[in-house]
1. Check region 271-278 and report whether any residue there is part of a strand (DSSP E or B), more than 19 Å from Asn174 (Cβ to Cβ) and of a type outside the set (S, T, N, Q).
2. List every residue pair whose Cβ atoms lie under 6 Å apart, where the two residues are 6 or more positions apart in sequence or sit on different chains, the first residue falls within region 166-190 and is at negative phi, and the second residue, located anywhere, is among the charged types (D, E, K, R) and part of a loop (DSSP other than H, G, I, E, B).
3. Hey, any hits in region 240-253 for a residue that's closer than 22 Å to Leu326 by Cα and surrounded by fewer than 24 Cβ atoms within 10 Å (Cβ to Cβ)?
4. Mind counting the residues in region 160-172 that are farther than 22 Å from His266 by Cβ and part of a loop (DSSP other than H, G, I, E, B)?
5. Can you tell me which residue is surrounded by the most Cβ atoms within 10 Å (Cβ to Cβ) among those in region 81-121 that are of a type in the set (S, T, N, Q) and farther than 19 Å from Tyr22 by Cα?
6. Which one of Pro181, Pro177, Pro188 is under 21 Å from Ser242 (Cβ atoms) and either surrounded by 17 or more Cβ atoms within 10 Å (Cβ to Cβ) or modelled with pLDDT under 95 (or both)?
7. Of the residues Lys311, Lys252, which single one is over 19 Å from His182 (Cα atoms), part of a loop (DSSP other than H, G, I, E, B) and modelled with pLDDT of 95 or more?
8. Can you tell me which residue is modelled with the highest pLDDT among those in region 37-80 that are closer than 20 Å to Lys267 by Cα and of a type in the set (Ser, Thr, Tyr)?
Amino acid sequence: MTPNHDYLPVFDGHNDTLLNLYMPDRGQNRSFFERSENGHIDLPRARDGGLGGGFFAMFVPAPKSNETAKFDKEPPEQPYLVSPSAVDMLYAQEVTAGLIDLILRLEEESAGQFKVIRTSGELAACLEDGVLAAVMHFEGAECIQPDLSNLATYYDMGLRSLGLTWSRPNAFANGVPFGFPHLPDTGPGLTEAGKQLVSECNRLGIMLDLSHLNEKGFWDVAHLSSAPLVATHSAVHELCPSTRNLTDKQLKAVGDSGGVVGINFHKGFLRADGDGQADTSLTEIVKHLDYVVEQTGIDHVALGSDFDGAKMPDDLGDVSGLPRLLNALRAAGYDEPALKKIAYENWQRLLSETWKA
């Protein structure tokens, strides 16, 4: 596969494409290998946009409903605080098994164009060769036994990134509810099982993602973890006071740890008014990125789109619009070395420091 040298490769912090493909009603029966007008990512559009890879989320929606659909449109009145309910572990294990099967089938059927990566060396090779690199990421730990007895099995299958929560409680932690305007300090921190999970992920070399985790849980991880702190798809609370965004104190902690914040592209997490439906420019992404650079430095910010899981800025559209975002960053004064860090080098460095050889 010949790499696309027309654009900088982008390694992206988060997408929900697997769930779109797994649930026919959500993905409208589209194929990953064929260009579609639906959703945000398929292989042809990824090539158009220079997508080099990213974290492919495995999210367990509530049974017999698509709970995420409730948040495609923000509640009409503000302020609000919406707390999704927990899901059953056995159900979560069933869905997760289906999503793992799906990503491995995509790899097998891709004829070498798509690879589930397990080491930083594999990521470097994929970026060089133009192979779309996929990190297996669990968005929420609901499928993990409280005694952690199946964690190593998931690691052997390819798990390399774990979000302790989605925005709901589980055996390990409390997810931050969807709220605006509201601080992310919404409940208790990690459970004892959660503290053990952090330690075991550090030992195995599984990256911990703090997006969707409430503030007390964030600080528990900050005190316990030996790895850099990471929020794969969050934004700046000072610019948009959503519970899903990080305060200045949290941003500083991520930077001080050597970690990375992937800027979320969702309109409702970018706009000062929290309106996830209003016309929105990708310059809002630039504002949040600028702010994180000011707080942490250029080495600690990257992109975390939330493609296929959120409402994108109108002039971005889908993954094929990534070159327009990079051009907006150029226009804002970012030179090529800085753009490389934002596009892929910061994620590459973070994973090389977090994953075990």
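The values are calculated or read from the model by the stated rules, or taken from the named source; none is laboratory data. Quantities reported herein were computed from a predicted structural model and do not represent experimental measurements. Every residue, glycine as well, gets a Cβ built from its backbone with ideal geometry; the counts of neighbours run over all protein chains shown.
1. Our first condition is that a residue be part of a strand (DSSP E or B); within region 271-278, this holds for none.
Within region 271-278 (the criterion being part of a strand (DSSP E or B), more than 19 Å from Asn174 (Cβ to Cβ) and of a type outside the set (S, T, N, Q)), the answer is no, since none of the residues qualifies.
2. Asn170/Glu142; Gly175/Arg168
3. no
4. 3
5. Per the criteria, the residue is Ser120.
6. Details: Pro181 fails: either surrounded by 17 or more Cβ atoms within 10 Å (Cβ to Cβ) or modelled with pLDDT under 95 (or both); Pro188 fails: either surrounded by 17 or more Cβ atoms within 10 Å (Cβ to Cβ) or modelled with pLDDT under 95 (or both).
None of the other options fit; the residue is Pro177.
7. Values: Lys252 fails: part of a loop (DSSP other than H, G, I, E, B).
One residue alone meets the criteria, Lys311.
8. Among residues in region 37-80 that are closer than 20 Å to Lys267 by Cα and of a type in the set (Ser, Thr, Tyr), the one modelled with the highest pLDDT is Tyr80.
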